[in-house]
Structure formats: structure tokens, C-alpha cells
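Heads up, the thing below is written out as C-alpha cells.
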Amino acid sequence: MRLLVALAGALAGPGRTRTVILVLIGSLALWEAATLAFRPEPFVLPAPSAVFAEIGSDIPWYANHAMFTLGATLMGFGLAVLAGTLAAIGIVYSRVLEHTLYTLLVSLNSIPKIALAPLFVIWMSTGAASKVAIAMTIALWPVVIDTVLGLRSVEPEALEMARSMRATKWQVFFKIRLPNALPYMFSGMKVAISMALVGAIGGEFVASEVGLGYAILVAQGQFKTDVVFAAIILLGIMGTLLFFLVVLVERFFVTWHVTHRADAHIHTA
């Protein structure tokens, strides 16, 4: 818990961190009060105290499932960033890829990705590979679209100046296009990391023997609502930490961007 608070404080600033913590504590308090006041059946709505007690009753079991989901999410996200960035560069620099690959990605994006999950399970079995593939497929689109936008959003005057100074295409890319695209790329990554988690869970729902999605399905069949809520809370914590991790990396690489300069000014004022 202290690690979570420290990470949130480093990323969002003391004031915003206090607000987030107060909102979370207030939400849990209202939830607990509602269960005490209305006394719903535990299999309908367990109290948060019961949910946290369930997590504490078998921490290694929950940790094992959480680590599997986390691993599939991170691998899918990493592959999506790598493939999406390369695809975006190809689309920006090649008319052929723009009219073929970009069109193909647009068409694939219109298909609900979870509908492809059974195919990945058939092709790659029920292990981690199918979950990684589904996570990558879902997370790919925001990386591609935001990277393309960033690479194309260079001021024409900057490109003209580079040409007048006889800069090579690689120099233009690394000195002008890539730095300009970084804020857009990280915007796409912040969306992609959450979508990768959704993809990993979706794959576990279809077919799996481990993972938080698998734990939710098993608990649902046994009407163990406290286990379902425990897995959901762990997923919420995991998604929040992953999002903040991307924000932390963004602040390291894009310190010059106006948004981070504004945040730094606010926090030091």
C-alpha cells in the first residue's frame, strides 16, 4: 500500500494523491455502510471488509493468478508498442503501406477483438501465448493511430529548414519527427496498456487454467461473489499501477512537453 501511495505521489503530486486516496477511502466507506444498512445477501454484494479478508486468506493463490495476468498484459503491451511503432513509421514513409496496411488495420479495428479470441486459443492453445496475442491485438490500434498522428504533425517550416540544411531522412526522423511524435505515442500507450489488460482478461475468459479472469469464471460458477470482487479489485489496482507506470516513463522521456512543464510549475508554486 505504501508503494502504491509513493508511486501515485511521484506521478500526480501531493494534492492530487490526497484527493485520489480520499475518494477511494470514501467509496469503500460508502460501500461498507450500504452493506451494513441494507444487509444484502453476501453472494449478491459482499462488504469490502469481507472482500479484503478473502484476499488476505490466500495471498499466494491470488498472487499466482495476478502474476500470470500481469505477465500476459505486459508482453502483449510491449509487442503492441513495438509492432505499432514500426507499422506507423512504415505508414508515414510509404504510400504503399498507407493504402494497404493502414486500410487493413482500420478494417481489423472494426471487428470486436474478443470475437477473435477463440481463434487465438485454437491456434496457440490455452497457454499464455494466446493471451499475449489477444492483448497485443487489442492494444495495437491506439499505438498505431497516435504514432501516425504524431509523426505527421510536424511543423512544415521545421521540415523545410531541415531540407535547406541538407539533413538526411534519418536525421529528420530522429531529430524532428520522433521527438514531435513522443507525446502522441505516450497518449496511445496510456490507452493501450489498459486495453492490453482487457485483452488478457478476455483471453482468460475464453479458455485458461490460470489468471484473474479464470479465477472470476470459477468463482462465478460457485457463486463465490467475494472471490469475484477480490479479483476485480486486484485488476483495478493492477490497471492503475500500469497506467501510472506509463505516465512515469512519459515524464522521464518527455520532460520538455508543455503539459509536464505546467504540472511542474503547479506543484512548485
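The values are calculated or read from the model by the stated rules, or taken from the named source; none is laboratory data. The shown structure was predicted, so the numbers you read here are calculated from the model rather than taken from an experiment. Cβ atoms come from the backbone with ideal geometry, glycine included; neighbour counts cover every protein chain shown. The protein model used for the area step is the full one, side chains on, heavy atoms only, and it has no ligands, DNA or RNA in it. Shrake-Rupley method; radii C 1.70, N 1.55, O 1.52, S 1.80 Å.
Give the lysines reachable from LYS190 as a straight Cα distance under 20 Å; neighbours fewer than 8 places away on the same chain don't count.
Within the straight-line limit of under 20 Å, LYS190 reaches these lysines: LYS113, LYS131.
Enumerate the calculated ³J(HN,Hα) couplings along the range 238-249 in order (Karplus 6.51 cos²θ - 1.76 cosθ + 1.60, θ = phi - 60°), each rounded to whole Hz, writing x wherever the residue is Gly or Pro.
4, x, 5, 5, 5, 4, 5, 5, 5, 4, 4, 5
Classify the range 18-72 from the C-alpha gyration tensor, please: rounded if a/c falls under 1.5, else prolate or oblate depending on whether a/b exceeds b/c.
Note, shape of the range 18-72 comes out oblate.
Across 5 Å bins from 0, what is the distribution of all Cα-Cα pair distances for the range 56-185, in whole percents?
2, 10, 15, 16, 15, 12, 9, 7, 5, 4, 2, 1, 0, 0
List the relative contact order of the chain as a percent without decimals, with contacts defined as Cα pairs under 8 Å and 6+ residues apart.
On the way: 296 pairs, mean separation 68.8, N = 269.
The normalised contact order for the chain reaches 26 percent.
Give the accessible surface of the range 142-184 per residue, rounded to a whole number of Å², with probe radius 1.4 Å and ligands, DNA and RNA excluded.
Ligands and nucleic acids excluded, the figure is 65 Å² per residue.
Could you look at the range 27-85 and say what percent of its accessible area is carbon and sulfur, using a 1.4 Å probe and all protein chains?
Answer for the range 27-85: carbon and sulfur cover 76 percent of the accessible area.
So how exposed is HIS99, as accessible area in Å² (1.4 Å probe, rounded to 10)?
120 Å²
How would SER153, SER57 line up by accessible area, probe 1.4 Å, largest first?
Largest accessible area first, the residues go SER57, SER153.
Could you give the longest part of the chain that holds none of the chymotrypsin sites (Phe, Trp or Tyr not before Pro) found in DSSP loops with at most 13 neighbouring Cβ atoms within 10 Å?
Values: sites that count: PHE43, PHE223, TRP256.
Here the longest segment lacking exposed loop sites spans 44-222.
Using protein chains only and a probe of 1.4 angstrom, how many square angstrom of VAL218 are accessible, to the nearest 10?
Probe radius 1.4 Å; accessible area of VAL218 about 50 Å².
Would you work out the charge dipole size for the range 136-264 about its Cα centre, treating the Cβ of every Lys and Arg as +1 and the Cβ of every Asp and Glu as -1, and quote it to the nearest 20 debye?
Charge dipole of the range 136-264: 540 debye, to the nearest 20.
For ILE145, tell me the accessible area in Å² from a 1.4 Å probe, rounded to the nearest 10.
Counting only protein heavy atoms, ILE145 exposes about 50 Å² to solvent.
To the nearest µm²/s, what D does Stokes-Einstein give for the range 163-257 at 4 °C and 1.567 mPa s, using the Kirkwood radius over alpha carbon pairs as Rh? Intermediate values should be presented prior to the final figure.
Details: Rh = 16.2 Å.
Diffusion coefficient, whole number: 80 µm²/s.
Using Cα pairs closer than 8 Å and at least 6 residues apart in sequence, work out the relative contact order for the range 45-187, in percent.
Computed over the range 45-187, the figure is 28 percent.
Of the labelled options (i) 17.9; (ii) 15.9; (iii) 22.0, which one gives mean projected area of the Cα convex hull in nm² as computed for this structure?
Correct label is (i).
Take the alpha carbon atoms of the range 181-230, find their center, do the same for the range 133-150, and report the distance between the two centers in whole angstrom.
If we compute the Cα centre of each part, the gap is 18 Å.
I'd like to know which of VAL247, ALA133, ILE176 lies farthest towards the positive end of the charge dipole of the chain, counting +1 on Cβ of Lys and Arg and -1 on Cβ of Asp and Glu.
Toward the positive end, the furthest listed residue is ILE176.
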